[in-house]
Amino acid sequence: MQSADVDDRRLVDLFALDLIDGVRSETFDRVARIASLTFDVPVALVTMLDDDDQYFCGVYGTDLTGNRRAESFCNHTVRLDDVLVVPDATLDPRFRDLAVVTGPPHVRFYAGAPVSTPGGAHIGTLCILDVAPRDLDARQRGVLRDLADLVEIEIGHHGRALTDPLTQLANRRAFMAAADRFVALGRRRNEPVSLVFADLNGLKRVNDEFGHIVGDSLIQRAASCIDHAMRRADLAARIGGDEFAVLLLGTDAAGASQAIATIQDRIVEDNRIDRARPAPGRGPVGTCELSIAFGSATVAPDESIDTFVSRADSAMYDAKRADAARHCTA
């Protein structure tokens, strides 16, 4: 059984992949069709599970697009590390009362393999279903696992398109896809959701004086400080050249301030280490010190995502202007 922390990490990875937008994947459909024909079953699915719902992202043999997670076989599979086989659901106390077992389509047989992100979070399944009891031998279970591996390869390809290549954080598209779902999840759970915006100070000067290789190194240092300060249930993204955002699930305004303080502690330590080993040709010690301006917002009831993001962005720029004014008057 997965802990709440692990399940939250799974949801973060799922949201950032933007796979549950209601548009089926042709590749996933193809894998489902191969699975159906390979095992001679009427229905095969590639499913993705969020907090409450199960989405069918690859389908063969049904017109359904999903159902409630609590009413699914895959709710159990996604919590396992191995193939789950249910020879006859009517004889299994875990599943005999499910609506799809007691009523149409009267599922009897189920087999599913969990599918994971490259980071190992189980976000869904490849499953096959039949209306007659049956079983899978060890070889067949291995084949189902092999087909699930094909789904994972496609997930990896999809994830790379949503990853910033310089920092390996989520990119802007992944952030925007996740933000809406973070807020919806927080509202369903009656938990606060906060957003931290961060902007590097002086990146243009570094690029102009020392070149973009050094500037890129500064961006990577910033990303590392932000990423290593975050919890498993947070999502850090690079949303622009020198801009970052962190979505914080279950975090109020005080928690967002604490998250910023944790990142700042990381920055202090990073600068201390960096000053001890200046790169050749980079210039005098300290010219590339990492400095970041922060702003945050906690989503308000019924607030739109655009307004929520805009408030955090404005708070960050207010802090940046205030810092610049302090330096001008010093």
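Of note:
- Nearest 10 degrees, 0 to 90: helix 4-17 Cα axis against the chain principal axis: 80
- Projected area averaged over orientations for the range 100-226, convex hull of C-alpha atoms, nm²: 12.2
- Phi to ³J(HN,Hα) by Karplus 6.51 cos²θ - 1.76 cosθ + 1.60 over the range 18-35, Hz, x for Gly, Pro: 6, 9, 10, 9, x, 9, 6, 8, 4, 5, 5, 4, 5, 5, 4, 5, 4, 4
- Along principal axes, Cα extents of the range 49-147, largest first, whole Å: 37, 32, 25
- Computed label-point distance, nm, for sites ASP180 and GLU26 using a 7 Å Cα→Cβ extension: 2.3
- Once the gyration tensor of the Cα atoms in the chain is diagonalised, the equivalent ellipsoid follows with semi-axes of 46, 21, 15 Å, ordered largest first.
- Accessible-area composition of the range 115-196, carbon plus sulfur, in percent [1.4 Å probe]: 53
- Residues of the chain: accessible area per residue with a 1.4 Å probe, Å²: 47
- Estimated vicinal HN-Hα couplings, Hz - the range 168-184 in sequence order (Karplus 6.51, -1.76, 1.60; Gly, Pro = x): 6, 7, 4, 8, 4, 4, 5, 4, 5, 5, 6, 4, 4, 6, 4, 5, 4
- Alpha carbon centroid spacing (whole Å) that separates the range 15-42 from the range 135-170: 12
- Take each peptide in 103-112, 131-140, count the other Cβ atoms within 10 Å of every residue, and average; sorted highest first, the result is 103-112, 131-140.
- Three semi-axes describe the equivalent ellipsoid of the range 133-189; taken as square roots of 5 times the Cα gyration tensor eigenvalues and ordered largest first, they are 34, 20, 7 Å.
- Within a Gaussian network of the chain (alpha carbon springs, distance under 10 Å), most fluctuating of LEU91, LEU129, LEU203: LEU91
- With helices as the sole contributors, the chain gives -15000 deg cm²/dmol at 222 nm; each DSSP H run of n ≥ 4 counts as -39500 (n - 2.57), and the sum is divided by every residue.
- Each of THR47, PRO105, ALA174 was placed along the dipole of the range 33-182 (beta-carbon charges, centred on the mean Cα), and the one lying farthest toward the positive end is ALA174.
- Over all pairs of different C-alpha atoms, the range 1-106 has a mean inverse distance whose reciprocal, the Kirkwood radius, equals 14.8 Å.
The values are calculated or read from the model by the stated rules, or taken from the named source; none is laboratory data. In this text, all values refer to a predicted model and were calculated from it rather than measured experimentally. Please note: Cβ atoms are built from the backbone with ideal geometry, for glycine as well, and neighbour counts cover all protein chains shown. With ligands, DNA and RNA removed, areas are computed over all heavy atoms of the protein, side chains included. Shrake-Rupley method; radii C 1.70, N 1.55, O 1.52, S 1.80 Å.
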